[in-house]
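Worksheet for the structure shown next.
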Amino acid sequence: MADDIVIDKQLFHERLNGFMTKWKADKRSGDQIFGGATSAVVLVGKASEPGSYLKPAAFQLWLLGYEFPATLFVLTPDLLQVVTTKKKASYLEPLKGGKVPIEILVRGKDAEENKKQFQSCLDTIKNAGKKVAVLKKDSAAGPFAEEWRTAFSGADIKEDSQVDLAPILSNAALSIKDGQEMRNMRDAARASSALMTNFFVEEMSEILDGEKKISHRAFADKVTNKIDDAKFFQKEKWTKNVDPMQLDWFLQPTVQSGGSYDLKFAAEPDESNLHAGVIVSALGLRYKMYGSLVGRTYMVGPNKSQEANYKLLLSIHDAVISSIKDGVSAKEVYAKALNLLKQKKPDLEKHFPKNVGYGIGTENKDAALLLSGKSARVLKDGMTLVISTGLQDLENPSPQDKKSKTYSLVIVDTVRVGQNECVAYTKDTPSDLDSVSFFFNDEEEEAKPKSKKERPPIAQTSVTKTRTRHERPTNQDAEKEAQRREHQKELHQKKQQQGLETYGKGTKSLNGTEEKKFKKFESYKRDNQLPPAVANLGIVVDKKNLTVLLPIMGRPVPFHIHTIKNASHTPENDTTSLRINFLSPGQGVGRKDDQPFEDPTAHFIRSLTFRSYDIDRIESITRDITELKKDVVRRDQEKKQMEDVVEQDKLIPVKNRKPYNLDMIFMRPALDGRRIPGSVEIHQNGLRYVHGSAQTKIDILFSNMKHLFFQPSQHELIVIIHVHLKNPIMIAKKKAKDIQFVREATEMQFDETGNRKRRHKFGDEEEFEEEQEERRRRAALDKEFKNFAEKIADAARNENTSVDIPYRELGFNGVPSRSSVLIQPTTDCLVQLTEPPFLCLTLAEIEMVHLERVQFGLRNFDLVVVFKDYNRAPIHINTIPVESLEPVKDWLDSVDIPFTEGPLNLNWATIMKTVTSDPHQFFVDGGWSFLATDSDDEDEDPEDEESAFEVSESELAVSDESSEEDSEFDENASEEMSAEGSEDELSEEGEDWDELEKKAARKDREGGLAAEEDERERVREKTMMMTAVWLRICFPGLGHLCGVELVNRCILAASLKPALILELDEC
């Protein structure tokens, strides 16, 4: 319970007195509502699930405005008896003194005393009369509820003396709303309609029109997260007096399509992709605990049968709403709907639901107020209902595909019963046929999926786990390695399938290259805006309008500073020359030269030269142009850096109590000025760092928090609370996405001059005591920071924020930026929180990981993280010790991140450019499989591996020619050598070379050396092939060469002339 709970005493007594008055009046009129009950028991056990309240909790919310778990209400027409804990009792004590007496029994730890309290309640029930109202379907859970049920069952209250409490609470308390309750219902319904109409429908249209792939769950989660966007709701006109922060979920968004439908909306969205057919969606929001619901059916390219059935359903829905008014019974409403269906299409009766709605309010579903054929409940002015009409599992006579064979239709609205008519609160969400029908490229035929292109075989890089042979035990962790390899294979296949589903045919480029246009700048709109100095026909630098005016042909011509590349001047005797170079398409100055122009025949001025005798003036003009260019570039860079900086909402300070705070705190990044400590405070919707004497305050809202970390002082000099933000904020004129609150854990931060009795201890004894004191102080500091981090997470629980602690035992050293640091995994991230710049990688955002420079003999390897957002540059963590290779692989596999490895550093800029230019083709061609070292290759025969590297006759001929040309020996030298050796050969007969090689091979096999040679050869060949793949990616112009020739040529080129690589790139 929060300390600022205040119960509205006046409203409490109004509602309690009204409830008791209806009870007494019902006794006089024949016990039609209360069924002759002389007492009632309302039991609440454990706290309700967020957004879901049953009748007992709904009754508490209606009466008190809050839910009080582990609380028992015993009501008679003249008394309210409450059993609850001491803390909750303190909130109820101020309610005493009204017309209805209130008796509060406070539970404690004494079990016997608690039994006496329950016995007192049972005595009150027996003294009140024979019948007691209890919930027949009691779902209260927890030890408190079990203790009460045990006591109640032992009181010998017969079954026929028990009356069902559910219809009593519905009739006498919950069903009929007062003015404030109906306003809350209306605001909740309007918010639901706005979310459905202005967000869900727009997102769905964009997905269907772009033929994007998205699962039901992912789409529902996207809509769910929109509740945090307060600005979205504030745009609506009706939200003038509505606080969006008090909106909560009544029914979280559900999306259904593809032939599987649940019109009760009890099942959660599944992982199936959104199907362009019949789409059913429903959602509901609460406002100040009062809920609403809206649901619609959207049809993509409906046929005539589907349109006819929907028109029928809409007419039934309208008939139900028009028949609802004060005095009408529930079964009359249902009968009217069913009769209309039988008149139009009687064969659809089996597809019609058993009820067309139910009561709604604080309770999710009032089962005592069902609009069914058996309910005799009479509707009254002030009731609020959910009207849900549908047709389940209809057959489609002309389905588009397999998933369109069956479909369902439903329309859901939240309404209020009036004196003479029914008011639909969710009318802002249209339900007519034109509004729910969509047509996207209905004439285009469904494209057949392209068959995957065969990729050249890529050999596996075989890397030994140890550096020497004697350290290499046979079959070390072979089973574990096989399991990991199999799991990785599954992850890669799943990633490939996801890529094909996400980026279907027709997916546009992700880097926006086709949308680039030639930038145009406007200096002046009218000629009277030109500066007066142009009248002298001199060169004028107009800093205000970012323009340089040049005299050409007797006229001042303006050139915007963005069109100027640079300016320089060259003195020549008594004169000087000013040269101004301009930017223009087709200069070929580098990779950034991609400025298209709509007219390819247009001519551009590359440079202008002016000569003058006034050297000082030309120098001044050159300096002004250069400074103006620098200012504009700096300003553009600052603007680009500020693009992702968002303006936070205002912090809401905590009232009625002092906020939780942590003092003697230093913040990183540090503020300008002296390094002085401050304090961190926890407020209603965020944190506030107060620096020094409260002159500077930094606010961090919970809604902008992405991750919260606590790093203890173990093996460190500081203890850290780290906040990783969704959007950066400005601190000391710089944007920051990671903010830390730290305190040093070293001994010099504490006063050692007093409050300590040394007792003349010297030597080892004193040193041991200091170590003990250091450990104790660090433990206390860690506990203080951890408790404060948990308080932050508790205050931000609505944002799903939790405290994450790095696993130091899983950490590894690496260089993500400038220096080698310890990088540690957490539950959801991979972090480095000790030295700035900090590293925080969310695991859910990682596509895959590639390990570079993994080969025998190297002491370090590199790790490259590729993100699911392909426009985001990959992150490199370099120089990781090879001893961490296996632990890193194990960790990546344990968190279901696919990884690959290779012997070379790849050009990731080129790779990502290929991916973003055409992601669909990238995944059709195999996706990330070109990086994978297929584990199955290790088990193949050597003959199969060697077959991938056979040299053709033409290549062999070229190789022979080049070897002859490059031979270091001339013909004469070779003849001399052959002559010298011929005498020895003739003088002594020996064994043939083939026989000698066979003998040597036999001895090698006996000594176990042949396997080593085969392994080295396989490593060499696989490394050669991986190098060829890398070169083809980096140098597309060399794609016509085979693998071996490509590598040999590039190695030769690099050894003879390193600059030749650049020439190869250009070719």
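The values are calculated or read from the model by the stated rules, or taken from the named source; none is laboratory data. Keep in mind it's a predicted model, so treat the numbers as computed, not measured. Please note: Cβ atoms are built from the backbone with ideal geometry, for glycine as well, and neighbour counts cover all protein chains shown. All accessible areas refer to the heavy atoms of the entire protein, side chains included, with ligands and DNA or RNA removed. Shrake-Rupley method; radii C 1.70, N 1.55, O 1.52, S 1.80 Å.
Answer yes if at least one residue in segment 357-369 is assigned by the TED database to the domain that holds Val412, open to solvent by less than 60 Å² (accessible area, probe 1.4 Å), touching a Pro at 6+ places or on another chain (Cβ under 7 Å) and of a type in the set (A, V, I, L, M), and no otherwise.
Yes, segment 357-369 contains at least one residue that is assigned by the TED database to the domain that holds Val412, open to solvent by less than 60 Å² (accessible area, probe 1.4 Å), touching a Pro at 6+ places or on another chain (Cβ under 7 Å) and of a type in the set (A, V, I, L, M).
Give the residues of segment 370-385 that are assigned to a loop (DSSP other than H, G, I, E, B) and open to solvent by 10 Å² or more (accessible area, probe 1.4 Å), sorted by residue number.
Leu370, Gly373, Lys374, Ser375, Ala376, Arg377, Lys380, Asp381
Name every residue in segment 142-173 that is within 17 Å of Gln32 (Cβ to Cβ) and of a type outside the set (S, T, N, Q), in order of residue number.
Correct list: Val163, Asp164, Leu165, Ala166, Pro167, Ile168, Leu169, Ala172, Ala173.
So if I check each of Val423, Val415, which one is open to solvent by less than 60 Å² (accessible area, probe 1.4 Å) and either part of a loop (DSSP other than H, G, I, E, B) or in contact with a Phe, Trp or Tyr (Cβ under 8 Å, 6 or more places away or on another chain) (or both)?
When all the criteria are applied, what remains is Val415.
Can you tell me which residue among Leu338, Leu348, Leu313 is hydrophobic (A, V, I, L, M, F, W, C), open to solvent by 20 Å² or more (accessible area, probe 1.4 Å) and outside any strand (DSSP E or B)?
That would be Leu338, the only listed residue that is hydrophobic (A, V, I, L, M, F, W, C), open to solvent by 20 Å² or more (accessible area, probe 1.4 Å) and outside any strand (DSSP E or B).
Do you know which of the residues in segment 203-216 that are among the small types (Gly, Ala, Ser) and not in a helix (DSSP H, G or I) is surrounded by the fewest Cβ atoms within 10 Å (Cβ to Cβ)? Break it down into steps so the answer makes sense when it comes.
As a first pass, look at segment 203-216 and keep what is among the small types (Gly, Ala, Ser): 205, 210, 215.
Those still in the list that are not in a helix (DSSP H, G or I) too: 210, 215.
Values: Gly210: 13, Ser215: 17.
Per the stated criteria, the residue is Gly210.
Taking the stated definitions as given, is Ser388 over 23 Å from Lys177 (Cβ atoms), touching a strand residue (DSSP E or B) at 6+ places or on another chain (Cβ under 8 Å) and in a strand (DSSP E or B)? Reasoning before the result, please.
Details: over 23 Å from Lys177 (Cβ atoms): no; touching a strand residue (DSSP E or B) at 6+ places or on another chain (Cβ under 8 Å): yes; in a strand (DSSP E or B): yes.
It is false that Ser388 is over 23 Å from Lys177 (Cβ atoms), touching a strand residue (DSSP E or B) at 6+ places or on another chain (Cβ under 8 Å) and in a strand (DSSP E or B).
Given Phe200, Phe219, which one is in a helix (DSSP H, G or I), in contact (Cβ under 8 Å) with a residue 60 or more places away in the chain and under 20 Å from the mean Cα position of the chain (by Cα)?
Phe200
So if I check each of Asp228, Asp243, which one is farther than 21 Å from Val436 by Cα and touching a residue at least 24 places away in the same chain (Cβ under 8 Å)?
Answer to the check: Asp228.
Hey, could you check segment 650-684 for residues that are in contact with a Pro (Cβ under 8 Å, 6 or more places away or on another chain) and under 20 Å from Ala796 (Cα atoms) and say which is most open to solvent (accessible area, probe 1.4 Å)?
Here the answer is Gln684.
Among (1) open to solvent by less than 10 Å² (accessible area, probe 1.4 Å); (2) on the phi > 0 side of the Ramachandran plot, there is one condition Gly327 misses while meeting the rest; what is its number?
Against the list (1) open to solvent by less than 10 Å² (accessible area, probe 1.4 Å); (2) on the phi > 0 side of the Ramachandran plot, Gly327 comes up short only on (1).
Looking only at residues that are in a loop (DSSP other than H, G, I, E, B) and open to solvent by 20 Å² or more (accessible area, probe 1.4 Å) in segment 158-185, which one is nearest to Thr414 (Cα to Cα)?
Per the stated criteria, the residue is Asp178.
In segment 85-121, which residues are farther than 26 Å from Thr150 by Cβ and assigned to a helix (DSSP H, G or I)?
Narrowing segment 85-121 to residues farther than 26 Å from Thr150 by Cβ: 90-91, 93-101.
Ser90, Tyr91, Glu93, Pro94, Leu95, listed by residue number.
Which pairs have Cβ atoms under 8 Å, sit 6 or more apart or on different chains, and link a residue in segment 17-33 that is farther than 21 Å from Ala376 by Cα to one that is open to solvent by 60 Å² or more (accessible area, probe 1.4 Å)?
Short answer, once both residue conditions are applied: Asn17/Lys99; Met20/Asp78.
State all residues of segment 817-830 that are over 15 Å from Thr842 (Cβ atoms) and either at pLDDT 95 or above or among the aliphatic types (A, V, I, L, M) (or both); if no residue qualifies, say none.
The answer is Val821, Leu822.
Within segment 3-26, take every residue that is among the acidic types (Asp, Glu) and in a helix (DSSP H, G or I) and give me the one that is surrounded by the fewest Cβ atoms within 10 Å (Cβ to Cβ).
Glu14
Could you pull out every one of the strands (runs of 3 or more DSSP E) wholly within segment 233-304 that has 3 or more residues that are within 25 Å of the chain's Cα centre (by Cα) and of a type in the set (A, V, I, L, M)?
247-256, 278-287
Could you pull out the residue among Ile605, Ile652 that is within 28 Å of Ala230 (Cβ to Cβ) and part of a loop (DSSP other than H, G, I, E, B)?
Ile652
On the basis of being more than 24 Å from Leu369 (Cβ to Cβ), in the same structural domain as Arg149 (by the TED database), assigned to a helix (DSSP H, G or I) and under 48 Å from the mean Cα position of the chain (by Cα), does Ala58 make the cut? Break it down into steps so the answer makes sense when it comes.
On the way: more than 24 Å from Leu369 (Cβ to Cβ): no; in the same structural domain as Arg149 (by the TED database): yes; assigned to a helix (DSSP H, G or I): yes; under 48 Å from the mean Cα position of the chain (by Cα): yes.
So Ala58 does not fit the description; no.
Can you tell me which condition Ala694 does not meet? The list is (1) outside the structural domain of Ile739 (by the TED database); (2) more than 33 Å from the chain's Cα centre (by Cα); (3) modelled with pLDDT under 90, and all the others hold.
Answer for Ala694: the failing condition is (1).
Kindly provide the set of residues from segment 27-55 that are of a type in the set (S, T, N, Q), surrounded by 15 or more Cβ atoms within 10 Å (Cβ to Cβ) and part of a loop (DSSP other than H, G, I, E, B), ordered by number. Steps first, answer last, please.
If we filter segment 27-55 for residues that are of a type in the set (S, T, N, Q), which is where we start, we get 29, 32, 38-39, 48, 52.
Within this subset, residues satisfying the condition of being surrounded by 15 or more Cβ atoms within 10 Å (Cβ to Cβ) are 38-39, 48.
If the condition is that a residue be of a type in the set (S, T, N, Q), surrounded by 15 or more Cβ atoms within 10 Å (Cβ to Cβ) and part of a loop (DSSP other than H, G, I, E, B), then Thr38, Ser48 are the ones that fit.
Check whether at least one residue in segment 860-878 is within 27 Å of Tyr503 (Cα to Cα), charged (D, E, K, R) and surrounded by 16 or more Cβ atoms within 10 Å (Cβ to Cβ), and report yes or no. Talk me through it step by step, then tell me what you get.
If we filter segment 860-878 for residues that are within 27 Å of Tyr503 (Cα to Cα), which is where we start, we get 863-876.
Checking which are charged (D, E, K, R) leaves us with 868-869, 872.
Subset that is surrounded by 16 or more Cβ atoms within 10 Å (Cβ to Cβ): none.
No, there is no match, as no residue in segment 860-878 is within 27 Å of Tyr503 (Cα to Cα), charged (D, E, K, R) and surrounded by 16 or more Cβ atoms within 10 Å (Cβ to Cβ).
Take Ser153 and tell me if it is more than 30 Å from Ala70 (Cβ to Cβ) and among the small types (Gly, Ala, Ser).
So Ser153 does not fit the description; no.
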